[in-house]
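Working notes for the structure below.
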Amino acid sequence: MKLSVFDLVGEYGGVTFDDGQRVYEALHPQLAAHESVELDFAGVKIVAAPFLNAAIGQLMRHLTPADVAAHLQVVNLNPVTYAVLDRLIRDSYRYYHDPVYQAAVDSVMEKQAGDWDGF
């Protein structure tokens, strides 16, 4: 199956968690059924970490990095973003499957949120 990120979120839609959630909802059922998916970023101008966390990072709740490598082919993404995605997959898997790591990340995020005083 080919899944066009552009068709789901548009040219500048690779930024928000909500846009990433749309991609996740299209992608997850296919991968959970062990179907191969080509995730095509052609035409998408911006791809940010919150988007990738939603679209792909949360797949690690139910899948392994090996599952993703076997069934997901990401195309038309720039090399720097490929490197970010690779790290995100490893870190997300660890987050969802290592309670000590998850608690440490959550603690840091809560502290940063508490220290933020807005604009």
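Bear in mind these aren't lab numbers, they're just calculated from the coordinates by the rules spelled out. Worth saying up front: this structure is predicted, and the values here are computed from it rather than measured. A quick note on method: Cβ atoms are made from the backbone with ideal geometry, for glycine too, and the neighbour counts reach across all protein chains shown.
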### Task
Can you tell me how much longer the chain between Asp86 and Phe6 gets when fully stretched, taken as 0.36 nm per residue apart minus their C-alpha distance, in nm with one decimal?
26.7 nm
### Query
Counting alpha carbon pairs within less than 8 Å and at least 6 residues apart, what relative contact order, in whole percent, applies to the chain?
26 percent
### Task
Would you mind calculating the gained length between Ser107 and Ala33 on full extension (0.36 nm times residue separation, minus the Cα-Cα distance), in nm to one decimal?
23.2 nm
#### Entry: Directionally averaged shadow of the stretch 1-67, computed from the convex hull of its alpha-carbon atoms, nm²
4.0 nm²
#### Entry: Proximal charge balance of Ala26 [Cβ under 13 Å; K/R count +1, D/E count -1]
-4
### Query
What 222 nm value per residue comes from the helices of the chain, counting each DSSP H run with n ≥ 4 as -39,500 (n - 2.57) and dividing by all residues, nearest 500 deg cm²/dmol?
-18500 deg cm²/dmol
### Query
What base-10 log of the normalised intensity I(q)/I(0) is obtained for the chain from the Debye formula, alpha carbons as equal point scatterers, at q = 0.09, 0.10, 0.20 Å⁻¹?
-0.26, -0.31, -1.11
